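The values are calculated or read from the model by the stated rules, or taken from the named source; none is laboratory data. None of the values given here were measured: they were computed from a predicted structure. Please note: Cβ atoms are built from the backbone with ideal geometry, for glycine as well, and neighbour counts cover all protein chains shown.
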Amino acid sequence: MADRLARWYRGADPHPDPARQKRRRETAALVNKSLMHDYARARNIPLPRLYAAAQDVAALDFASLPEHVVIKPNNSADSDCVMVFGDGVEHFSGRSVLPSQRAAFVREAFAKGRFLNHQTLILAEEFLRDHDPAYRIPRDYKIYVAGGQAHVILVVDRNHPRGQYRQSFHRPDWTVITDAFQTAHLPGPPSPPPARLPELIGLAERIAADIGCFMRLDFYITPDRVVFGEFTPYPDAGTGYTRFGNHMLCNLMNEFPDEF
């Protein structure tokens, strides 16, 4: 992961083929959600509906947004400044926030953002519903891909206070990975395979074949579709993986090296 960070984002060891170096930089840039949206729309990949994109909080028309909405930056990480509004609550913090108070709440959050810069856009997106109505906040289905194939599926349940999120790891056939893999969240009970698992795997592998590299691809599963969320080329900054998890991911990157 440190090597990837140096090559993809700091210009170290550029590829001798200018076309492949260009592809490397363009793929790395997909971590930016605005560029990811352009990529996905061009390839007919389903995304959450985008209601608005604004340069700053003052330019965002909160009155025009629906009651249930997600506000996030286009270039952050670690869910920093991601807010999920609905039913008079911001669900990640658990704080009561009326629609009339949202602008002030978002302004306060973005003022404390850890990864924001002068190029940051504020996005207002569709609040997706999990395919299981028991989950108010949709679960993340994060798929580690390499060589055009899905290899590991991480399910993250954020319907708990921050710091108490639950996670489980599965193989593409939904076999549970029982060895400790990563420590970002608390271990949670394995969930039954979603009905749209073949659709999830199919979409992940279509994207994986197109990008031609190791990547974590993040999805949601709603009652009627699989929705792509984002590219994560540098998962958890390479930290928090157990010896087993490190070994497995390193093997993937060695067995299926990036095309660029």
Need pairs with beta-carbon distance below 7 Å; first residue free of Cβ contacts under 8 Å to residues at least 24 places away in the same chain and within region 87-116, second of a type in the set (A, V, I, L, M, F, W, C) and assigned to a helix (DSSP H, G or I); sequence gap 6+ or separate chains.
Glu90/Phe105; Val97/Phe105
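Per-residue answers, yes or no, for (1) assigned by TED's automatic domain parsing to the domain that holds Gly163; (2) surrounded by fewer than 15 Cβ atoms within 10 Å (Cβ to Cβ):
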| residue | (1), (2) |
| --- | --- |
| Trp8 | yes, no |
| Gly11 | yes, yes |
| His15 | yes, no |
| Ala19 | yes, yes |
| Arg24 | yes, no |
| Ala28 | yes, no |
| Val31 | yes, no |
| Leu35 | yes, no |
| Leu98 | no, yes |
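Within region 38-70, which residues are on the phi < 0 side of the Ramachandran plot and either charged (D, E, K, R) or exposed (fewer than 12 other Cβ atoms within 10 Å of the Cβ) (or both)? Explain how you work it out, then say what you get.
Applying the first criterion (on the phi < 0 side of the Ramachandran plot) to region 38-70 yields 38-43, 45-70.
Passing the criteria: Asp38, Arg41, Ala42, Arg43, Arg49, Asp56, Ala58, Ala59, Asp61, Ala63, Ser64, Glu67.
Filter region 191-220 down to the residues that are assigned to a loop (DSSP other than H, G, I, E, B) and not aromatic (Phe, Trp, Tyr), then identify the one that is modelled with the lowest pLDDT. First the steps, then the outcome.
Pass one, region 191-220, residues assigned to a loop (DSSP other than H, G, I, E, B): 191-196, 212-214.
Cutting the leftovers down to not aromatic (Phe, Trp, Tyr) gives us 191-196, 212-213.
Values: Ser191: 85, Pro192: 92, Pro193: 97, Pro194: 98, Ala195: 97, Arg196: 98, Gly212: 96, Cys213: 97.
Top of the filtered list is Ser191.
Any residue at all in region 77-89 that is crowded, with 19+ Cβ neighbours inside 10 Å, of a type in the set (S, T, N, Q) and within 19 Å of Phe231 (Cα to Cα)? Walk me through how you get there before you give the answer.
Step one: filter region 77-89 for residues crowded, with 19+ Cβ neighbours inside 10 Å, giving 81, 83-85.
From what's left, of a type in the set (S, T, N, Q): none.
No, that holds for no residue.
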Do we find a residue being in contact with a Gly (Cβ under 6 Å, 6 or more places away or on another chain), loosely packed, with under 14 Cβ neighbours inside 10 Å and within 16 Å of Ala146 (Cα to Cα) anywhere in region 203-225?
yes
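Condition first: surrounded by fewer than 17 Cβ atoms within 10 Å (Cβ to Cβ) and under 13 Å from Val82 (Cβ atoms). Can you find one or more residues in region 134-143 that meet it?
From region 134-143, those surrounded by fewer than 17 Cβ atoms within 10 Å (Cβ to Cβ) are 134-136; that's our starting set.
Still in the running and under 13 Å from Val82 (Cβ atoms): none.
Within region 134-143, not a single residue is surrounded by fewer than 17 Cβ atoms within 10 Å (Cβ to Cβ) and under 13 Å from Val82 (Cβ atoms).
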Contacts under 9 angstrom Cβ, first residue in region 72-83 being at positive phi, partner aromatic (Phe, Trp, Tyr), 6 or more apart:
Asp78/Phe115; Ser79/Phe92; Cys81/Phe110; Cys81/Phe115
